[in-house]
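The values are calculated or read from the model by the stated rules, or taken from the named source; none is laboratory data. On a predicted model such as this, the values are computed, not experimentally measured, just so you know. FYI the Cβ positions are ideal-geometry reconstructions off the backbone, even for glycines, and counts take in every protein chain you see. We work out accessible area using only protein heavy atoms, side chains counted, and drop any ligands, DNA or RNA first. Shrake-Rupley method; radii C 1.70, N 1.55, O 1.52, S 1.80 Å.
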Amino acid sequence: MSKQPVDPNDPLSGYKQGGLNAKVYDVSGVDTRIRYNSSRNPPFTVMTSMPSKS
């Protein structure tokens, strides 16, 4: 999801104008990971939008 519209003719294609109704689209080069840490509650952190070489 992008903050700015992906399609300038469709303001809902970006989060800034579309908010939770923004349209989704496939991207490449981004990873999502869950990091476990037993000292936290809940014991994990979700890391998103990390650049990836794949």
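Its Cα centre serving as origin, the chain has a Cβ charge dipole (Lys and Arg +1, Asp and Glu -1) of approximately 320 debye.
Among 23, 53, 16, the sequence by solvent-accessible area, most first, with a 1.4 Å probe is 53, 16, 23.
If you model the stretch 15-54 as an ellipsoid using its alpha carbon gyration tensor, with each semi-axis the square root of five times an eigenvalue, the axes come out at 26, 17, 6 Å, biggest first. Taking amide H as placed 1.01 Å from N in the peptide plane, residue 14 has its amide H under 5 Å from the amide H of 6, 23, each at least 5 places away in sequence or on another chain. Shown are 39, 13, whose ranking by accessible area with a 1.4 Å probe and every protein chain present, most to least, is 39, 13.
Farthest toward the positive end of the dipole of the chain, out of 30, 52, 41, is the Cα of 41, where the dipole comes from beta carbon charges about the Cα centre. Taking amide H as placed 1.01 Å from N in the peptide plane, the amide H of residue 44 sits under 5 Å from that of 37, each at least 5 places away or on another chain.
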